[in-house]
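The values are calculated or read from the model by the stated rules, or taken from the named source; none is laboratory data. Note that the coordinates shown come from a computational prediction; the quantities given were computed from them, not determined experimentally. Backbone-built Cβ (ideal geometry, glycine too); neighbour counts: all protein chains shown.
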Amino acid sequence: MNARAILGVTLLVTMVSAASGSSAAMLRPLTVGWENYFTIDWTTRSERGRPIVHGHIRNTWGFAATNVRLLVEGVSDRGEVLGQTVSWLGTQLTPGTTAPFEVAIDGQAPSYRVSVFAFDWLQRGRGLN
């Protein structure tokens, strides 16, 4: 192996090791400022001893949103994330519309928070004549 290959393998191992640490494993919404485009309200209930987070998401922006994924986090009393679940909304959100959601959670937490993990804007052009 030459020096360049050894350096490449060393960098790769270092990056994989750093990514496997607990803080690197935490998911964050892929779009910073998603709150400018959506509003979310939610509450929790228990079903057969399992927490269910349910509520509504509203598209407050001027484009239709598709492929919407929600990030539901179980949070301790000190604000530490205890668990995370990503769930597909399963419907397109046109401007001004609201859709219900329901996410079953593994494990209990004192509280939960919901954010938009990812989405795509659906934009249609007129095309060329």
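Results for (1) within 14 Å of the chain's Cα centre (by Cα); (2) at pLDDT 95 or above, shown as yes or no for each residue.
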position	(1), (2)
Trp34	yes, yes
Thr44	no, yes
Glu47	no, no
Leu71	yes, yes
Asp77	no, yes
Phe119	yes, yes
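When segment 27-42 is examined, which residues are found to be part of a strand (DSSP E or B), touching a Phe, Trp or Tyr at 6+ places or on another chain (Cβ under 9 Å) and over 13 Å from Phe119 (Cα atoms)? Residues satisfying the conditions are Ile40, Trp42. In the set (1) out of contact with any strand residue (DSSP E or B) (no Cβ under 9 Å at 6 or more places or on another chain); (2) assigned to a strand (DSSP E or B), the condition left unmet by Val72 is number (1).
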